[in-house]
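The values are calculated or read from the model by the stated rules, or taken from the named source; none is laboratory data. Keep in mind it's a predicted model, so treat the numbers as computed, not measured. Cβ atoms come from the backbone with ideal geometry, glycine included; neighbour counts cover every protein chain shown. All accessible areas refer to the heavy atoms of the entire protein, side chains included, with ligands and DNA or RNA removed. Shrake-Rupley method; radii C 1.70, N 1.55, O 1.52, S 1.80 Å.
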Amino acid sequence: PGRHLYLRVWRAQVGRVSLFLLDSNDPQNSPWDRAITASLYAPGQELRLIQEIILGVGGWLALKKMGIKPIVCHMNEGHAAFVVLARAYSFMHEEGGCSFLEALWATRAGNVFTTHTPVEAGFDRFDRDLLKKYAKHYTEAQGLSPNDLVVMGLKTEKDDISPFNIALLALSGSCFVNGVSRLHAQVSKRIFQSRYPRWPENEVPIDYVTNGVHIPTWDSPAAQRLWSLSSPTECGPDCIDYEAGKIARQSDQDIWNFRALARKDLIDYARRRHARQMQEHGASSEEIEAARHVLDPNTLTIGFARRATAYKRTNLLLRDEEKLVSILTNHDKPVQLLMAAKAHPADIAGKEMVKQMANFADRLDIMDRVIFLEDYDIDLAQHLQAGVDLWINTPLRPNEACGTSGMKVLANGGLNLSTLDGWWDEAYDPRVGWLLGDEGDEIESPAGFGPERDDSDARNLYRLLEEEVIPLFYQRDDQGVPSSWVAKIKASMTELTPRYSANRMMKEYVEKVYQPAADAYRKRTKEGAKLAKELVGWQKRINQCWRGVHFGHLKVTRDEEDWWHFQVEVYLGDVYPDDIQVELYADSLPQSSRGEETRPARILMDQKGLLAGSVNGFVYYADVPANRHAEDYTPRIVPYHPDAFVPQEDSHILWMR
Ligand SMILES: *Cc1c(COP(=O)(O)O)cnc(C)c1O
């Protein structure tokens, strides 16, 4: 607030991409300011706010200084949302004759916001006074009041109690918004619904691009060889075609040999790491020597590693330890378990879970079957995900926005068993893996934590392992190959690997988001932001005159051929007919009421002409097949401009009833 801060810029070259990092640790800054960028999760609201100002405003200024002029700004989570303001501010000054509001409309078309959490508490919030303290100089320079800024972080303008929510600034400052899986988009629509009052939840403008993993980072050298054999032309690891889908043509034996080698590599790695761990804990030399011989390279190997936190239910597998021990130590069909976890330092429940896992692994009766590997990090994950036969995930639906750890086993021929959450909700199919719990169409409330739920999921997990997973793994043909298991591996590798890869994700971002955003940005900003200015005028008219819009009579008739004819009178007051659209809307119907599920319907009504004897009154009509009740449909009026995003940029709506 009124002092200077110097930021240093570091550049890391990641392949062809430059990654710039901001750093306040410069001798020209005060000691307190030098520490601003010292830690990721800064304690306290004020430091967090300063970090986010640095990221959004400082980040934008740094790019500008380096002569980089982005057309699309992608905010990955809300933390960088102040870029919306910095960008509009620059635009206003560079394109003379443009107000801040016009600059905001011009640049918003090039802003993209990806939300990453299905938990509302996951968004950063700031006290209004704190925000005003830091925004004062900034808003004054733009002829705004600090309240104009506060409103951008609220769900509605009339809200005068909520703190400023940074995710809402990102939302109101972007024309393109997405979640990171199909289910997460549904949950996000619910979270942000109240920002679009009276709009149906399914029309909340949040799309999705499901995350994917960078396969070359996660597949083992052995997997790369297998994939390159299966590529159209044999080639090195740089030109593997993960989409060619030829894995299925490899013989079952080849696949099974590949899996055996992968498992053996993991066991070797786990033994080494385990022995080192024991050494660090001061174990005797005999104990360390014994640690070099634990695990067995021919036993079904399960991986269970994650960030330990309540919703992931990191200890679900350990809910009934005796039961788990009996599964692991089955004489004919043994199972071994590799576990790893890390908790956030402030997450006490998470730390307890890690402790429980470590203690379980210390039990003497399962010493050769279960290992807890410390320091869960990318290196450990790469080995685990390359070698395990089965990867288990237990998040409580719908709390996992996407989840990526399960994707990392795909290219390596590991199989997934998970609750229907995040990416698994769209990827699961009985041919490729296992489902824990029920299908659950409804998005259960995130408050649905509970011991009963955990008990029943744990029982299901043990049952699934005992009755389906383990028998399938040990069911061998004459050659010793578990052909049904290998069939699952083939289906999972060919169908899921390309779908959950970063390549697919990037392509989708380019096609669904970046290209349209770049086009819209160019259109709005050209010729002195002519279109942006027009849009500001359009929205002003709607805002000022909306109250005068109302409906007259509705007439519905049914014809011989079973069509409904809807005819409705509309009075527009001072709103231009071109500024709105009249629609018929019908909600979706649940599956149960009429056999099959009915999707929501949105039908554009045509203008028939002026309503006799009225001023700016019109008749609109639409014909619809009578396969739904006429009462299902409600006429409504929504703002319209061919280049505006509705309801994203204007959320007015008028329902007839
Ligand atoms: C992939 C990965 C994660 C994230 O896994 P999720 O399933 O997305 O929670 C966490 N830690 C490490 C070390 C990983 O490799």
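Taking strands (runs of 3 or more DSSP E) that do not extend beyond the stretch 534-647, which have at least 1 residues that are more than 24 Å from residue 207 (Cβ to Cβ)? Write out each step before concluding.
Working: elements: 550-558, 563-571, 580-586, 601-604, 606-610, 617-625, 633-639.
Per the criteria, 550-558, 563-571, 580-586, 606-610, 617-625, 633-639.
Evaluate the stretch 25-32: report whether one residue or more is out of contact with any Cys (no Cβ under 9 Å at 6 or more places or on another chain) and part of a helix (DSSP H, G or I).
Going through the stretch 25-32, the residues out of contact with any Cys (no Cβ under 9 Å at 6 or more places or on another chain) turn out to be 25-32.
Now drop any that are not part of a helix (DSSP H, G or I), which leaves 31-32.
The answer is yes; a qualifying residue exists.
From 386, 401, 349, 340, grab the single residue that is in a helix (DSSP H, G or I) and within 16 Å of the ligand (Cβ to nearest atom). Reasoning before the result, please.
On the way: 401 fails: in a helix (DSSP H, G or I); 349 fails: within 16 Å of the ligand (Cβ to nearest atom); 340 fails: in a helix (DSSP H, G or I).
Answer to the check: 386.
Table: residues versus (1) hydroxyl-bearing (Ser, Thr, Tyr); (2) within 17 Å of residue 525 (Cα to Cα).
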{"site": "39", "(1), (2)": "yes, no"}
{"site": "71", "(1), (2)": "no, yes"}
{"site": "85", "(1), (2)": "no, yes"}
{"site": "115", "(1), (2)": "yes, no"}
{"site": "121", "(1), (2)": "no, no"}
{"site": "124", "(1), (2)": "no, no"}
{"site": "132", "(1), (2)": "no, no"}
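Mind counting the residues in the stretch 307-337 that are surrounded by 21 or more Cβ atoms within 10 Å (Cβ to Cβ), within 13 Å of the ligand (Cβ to nearest atom) and not in a helix (DSSP H, G or I)?
Qualifying residue count for the region: 3.
Considering only the stretch 413-420, I want to know if a residue exists there that is surrounded by 18 or more Cβ atoms within 10 Å (Cβ to Cβ), more than 16 Å from the ligand (Cβ to nearest atom) and in a strand (DSSP E or B). Explain how you work it out, then say what you get.
Applying the first criterion (surrounded by 18 or more Cβ atoms within 10 Å (Cβ to Cβ)) to the stretch 413-420 yields 413-420.
Keeping just the survivors that are more than 16 Å from the ligand (Cβ to nearest atom) gives 413.
Next, from what is left, pick out any that are in a strand (DSSP E or B): none.
The answer is no, given that none of the residues of the stretch 413-420 is surrounded by 18 or more Cβ atoms within 10 Å (Cβ to Cβ), more than 16 Å from the ligand (Cβ to nearest atom) and in a strand (DSSP E or B).
Listed here are the residues, each with its yes/no results for (1) touching a residue at least 60 places away in the same chain (Cβ under 8 Å); (2) open to solvent by 50 Å² or more (accessible area, probe 1.4 Å).
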residue	(1), (2)
350	no, no
376	yes, no
382	yes, yes
394	yes, no
399	yes, no
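Suppose we keep only residues that are among the β-branched types (Val, Ile, Thr) and within 29 Å of residue 216 (Cβ to Cβ) within the stretch 363-383. Which one would you say is nearest to the ligand (Cβ to nearest atom)? Lay out the reasoning, then the answer.
Filtering the stretch 363-383 for residues among the β-branched types (Val, Ile, Thr) gives 366, 370-371, 378.
Filter once more, so that each one left must be within 29 Å of residue 216 (Cβ to Cβ): 371, 378.
Details: 371: 17, 378: 5 Å.
Only one residue fits best here, namely 378.
Can you tell me which residue is most open to solvent (accessible area, probe 1.4 Å) among those in the stretch 35-60 that are in contact with a helix residue (DSSP H, G or I) (Cβ under 7 Å, 6 or more places away or on another chain) and hydrophobic (A, V, I, L, M, F, W, C)?
Looking at the filtered set, the residue picked out is 55.
Check residue 360 against each of (1) within 15 Å of the ligand (Cβ to nearest atom); (2) assigned to a helix (DSSP H, G or I) and name the one condition it does not meet.
Residue 360 satisfies every listed condition except (1).
Take residues that are open to solvent by 60 Å² or more (accessible area, probe 1.4 Å) and under 24 Å from residue 499 (Cβ atoms) and tell me which of the helices (runs of 4 or more DSSP H) falling wholly in the stretch 176-292 contain 1 or more.
Working: elements: 182-192, 215-218, 221-229, 252-280, 285-291.
In the stretch 176-292, 182-192, 215-218, 221-229, 252-280 are the helices (runs of 4 or more DSSP H) which contain 1 or more residues that are open to solvent by 60 Å² or more (accessible area, probe 1.4 Å) and under 24 Å from residue 499 (Cβ atoms).
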